[in-house]
1. Can you give the Kirkwood hydrodynamic radius of the range 26-229 from its Cα pairs, in Å with one decimal?
2. Counting each DSSP H run of 4 or more residues in the chain as -39500 (n - 2.57), what helix-only mean residue ellipticity at 222 nm follows after dividing by all residues, to the nearest 500 deg cm²/dmol?
3. Under 25 Å between alpha carbons: how many lysine pairs meet that in the range 14-136, if sequence neighbours fewer than 8 apart on the same chain are excluded?
4. What are the trypsin sites (Lys or Arg not before Pro) within the range 78-133 that DSSP puts in a loop, where the Cβ has at most 14 other Cβ atoms within 10 Å?
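None of the figures in this text is laboratory data; all of them are computed from the coordinates on show. Every value quoted in this text rests on a predicted model; they were computed, and no experiment measured them. So basically every Cβ, Gly included, is an ideal-geometry build from the backbone, and we count neighbours across all protein chains shown.
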Amino acid sequence: MTFFSISELFSHVHPMFVENKRYFKALDQFLPMEEYEFVVLDTELTGLHERQDEIVSIGAVRIKRLQIMVGETFYAQVKPVKPLPKNSTLIHRLTPQQLKDAPPLGEVLPSFINYCGKALLVGHFVDLDLAFLNRACKRLFGSPLHNPCVDTLRLAQIHMESFGSPYRNKIDDGHSYSLSELSRQYGLPAFAPHDALQDAMQTAYLFLFLIKKFQGEGYRTLREIFRAGQGARWAL
């Protein structure tokens, strides 16, 4: 994908987003999962209020041929417009001193959008990340991202509920579907929580684990896995 400058602010939809929408509208959903490229993303926020809070870091990991491309990660800290709340620092451990020289979101987004390119997006409770990212994309470029996305939280729910998962009884009371709890129950490598890049890597391992479980049940194409969920969060 060709890089574009943040100085190019348009009152209409940025041409790159027009192409983004056109490409995914014609996406072939019937290929094996190995044929698609994925970008697993995570954002750290000052809070959960979409209109009041802000992104303070973005992390992402690329997957090709259902393998993590360790050397092709993305990470950027973001300077918030408002003062950083103390309670958010306690969660993501990013201090005002660390972020004072970071670029604003408007300067980080172009490189992140270029990094995503024509990949499908993956996240754990991905709606939250996309709400913040797309709000900024609409404001700066006149359009949200049209990349299809999948929520590993929803995939885990489907796996537990539909396939009689042997892990069903191992989930703690309350059926926690948190990223750290699912990773622990599935015996996946542990990464530092509440760090955008580390959480993206954790989600990538969870995604690959679940996709292989779906494949073991006979669901091999993007469309088959989508239909297995009957409403999983795929933005197709």
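1. 17.7 Å
2. -12500 deg cm²/dmol
3. Values: LYS21/LYS64; LYS21/LYS118; LYS25/LYS64; LYS25/LYS118; LYS64/LYS118; LYS79/LYS100; LYS82/LYS100; LYS86/LYS100.
Summing the qualifying lysine pairs gives 8.
4. Counting only loop positions with at most 14 other Cβ atoms within 10 Å, the trypsin sites (Lys or Arg not before Pro) in the range 78-133 are ARG93, LYS100, LYS118.
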